[in-house]
Ligand code: SF4
């Protein structure tokens with residue numbers, strides 16, 4: 001006879017409402033049942049009611065953390081459907097904002113993890129550094145969270161020399177601060193006690209569960225959709241970050257190293273940016289079907305769009321990274337201790353609001 | 001008591017149906033750049049310890065009951081601050097089939113902070129406004145009289161050293177009985 005313990009929907013370590021019904025045998029978890037629906041809004045249906053230009057602002061609200069990447073994926077889909085060629089400079093600008101988003105999202109996730117295992121000082125310091133990235137985004141687009149900078153056919157804002165210098169300076173300062181903070185996250189004795197060997201997801205299990213993003217890369221799969229070279233990634237130099245210890249610590253390490261990688265990518269993109277238009281005009285209405293994939297901070301997102309030649313799309317479907325990671329999360333939780341549940345859940349960096357849309 | 005609570009309100013954060021934009025901005029309020037703690041604002045995990053409830057996102061069929069539950073668990077007097085345009089009207093999601101509308105459909109709201117998402121400065125303003133309302137509500141709440149009053153009984157002047165312990169014991173019992 002096992003005891004059922006509800007974890008969530010309102011729980012101090014969970015920033016978002018999801019319920020995990022944990023069946024316990026003593027302190028050990030024997031089975032997990034995720035209960036969702038607390039954040040379901042019905043955004044996919046709403047996207048059919050609004051027209052396809054408004055949708056690019058609507059999809060930013062799928063998730064406030066990777067907002068720019070959602071609108072970018074959507075715009076890439078529509079552009080493919082309507083055969084619009086985006087100017088090169090816009091592609092580089094998209095990389096800049098997408099990578100800034102990845103830095104702020106990873107710092108946020110690392111901070112929340114630190115808060116969950118009770119290291120409040122580290123949480124505060126990581127978020128202080130994150131504010132530098134928020135400032136860089138605000139200085140270049142005007143928004144801190146919702147950038148609204150991506151539109152069909154390009155981007156709405158350009159980065160001039162002064163803004164470029166500001167962004168580079170913020171990155172330099174942030175990197176110097178992170179050089180002091182990240183070692184605490186990766187080498188501290190008490191942090192390691194909470195993360196090493198916790199939430200094991202071995203390589204085969206990660207593949208079987210269909211894990212994506214840092215969860216898959218922490219289990220030894222070099223799966224990074226950016227290597228396929230969409231937008232301007234084909235011209236930039238980077239390697240996917242892979243760790244092989246398959247536990248919560250490995251996933252944390254992947255995020256720590258990706259922060260540096262993204263800082264480097266922003267620098268490269270700002271450096272190689274050609275001087276062209278940032279936006280092209282387009283004619284007509286989207287017609288046809290397209291599926292498009294992008295690498296977000298939490299993994300790969302899939303957008304499926306179907307147009308019928310009118311203002312309104314027939315169907316928009318989003319498969320978000322956390323949705324793909326929930327089976328992997330259940331594999332990790334099975335057999336672990338109740339006290340580690342918070343750590344394991346946050347090591348996947350769940351984003352419930354985009355899972356449920 | 002009134003003064004102390006208004007100067008250090010404890011805040012619980014409830015995520016209803018939000019897109020995370022408002023949540024991360026609220027968390028940013030607590031961190032060193034905006035530092036809500038300089039106004040005494042303490043972020044707390046349990047609604048049973050909280051004076052102010054910060055709600056982000058609108059209500060849907062499923063979380064309305066959760067929100068109601070959490071609100072009822074808070075001790076009174078309590079204040080609700082709605083962060084963002086979602087908890088005010090439903091915002092961009094107002095037309096969605098699963099959105100009932102603003103949180104005022106389920107619980108009374110005292111302060112609305114508009115914006116999608118509002119800036120952290122505006123959020124801080126909202127919380128401080130909430131703290132002022134909390135102080136007012138506390139003044140209007142009739143203070144509960146203590147149920148039992150202790151009566152201070154002066155020890156009788158000891159007439160003789162032999163009787164002293166017995167007399168002290170008697171007065172002690174009397175005080176407890178009263
Ligand atoms: S108000 Fe805007 S940012 Fe806030 S939860 Fe609603 S949609 Fe997201």
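The values are calculated or read from the model by the stated rules, or taken from the named source; none is laboratory data. Quantities reported herein were computed from a predicted structural model and do not represent experimental measurements. Every residue, glycine among them, receives a Cβ derived from its backbone with ideal geometry; neighbour counts consider all protein chains shown.
Couple of notes before you dig in:
- For residue A:88, the conditions (1) surrounded by fewer than 19 Cβ atoms within 10 Å (Cβ to Cβ); (2) touching a strand residue (DSSP E or B) at 6+ places or on another chain (Cβ under 9 Å); (3) modelled with pLDDT of 85 or more all hold with the exception of (2).
- The set of residues in region A:12-32 being in contact with a helix residue (DSSP H, G or I) (Cβ under 8 Å, 6 or more places away or on another chain) and within 14 Å of chain B (Cβ to nearest Cβ) consists of A:13, A:14, A:15, A:16, A:17, A:18.
- Region A:33-48, residues that are within 16 Å of the ligand (Cβ to nearest atom) and either in contact (Cβ under 8 Å) with a residue 40 or more places away in the chain or touching a helix residue (DSSP H, G or I) at 6+ places or on another chain (Cβ under 6 Å) (or both): A:38, A:39, A:40, A:41, A:42, A:43, A:44, A:47
- Selection count where residues are more than 9 Å from chain A (Cβ to nearest Cβ) and either within 16 Å of the ligand (Cβ to nearest atom) or in contact (Cβ under 8 Å) with a residue 12 or more places away in the chain (or both), scope region B:42-85: 29
- From the list A:99, A:80, the one residue that fits, being modelled with pLDDT of 85 or more, in the same structural domain as residue A:331 (by TED's automatic domain parsing) and surrounded by fewer than 19 Cβ atoms within 10 Å (Cβ to Cβ), is A:80.
- Yes/no for residue B:27 being within 16 Å of the ligand (Cβ to nearest atom) and over 20 Å from the mean Cα position of the chain (by Cα): no
- Filter pass, residue A:54 being more than 7 Å from chain B (Cβ to nearest Cβ), farther than 29 Å from residue B:13 by Cα, out of contact with any strand residue (DSSP E or B) (no Cβ under 9 Å at 6 or more places or on another chain) and surrounded by fewer than 22 Cβ atoms within 10 Å (Cβ to Cβ): yes
- Of the residues making up region B:115-144, those that are within 14 Å of another protein chain (Cβ to nearest Cβ), out of contact with any strand residue (DSSP E or B) (no Cβ under 8 Å at 6 or more places or on another chain) and assigned to a loop (DSSP other than H, G, I, E, B) number 3.
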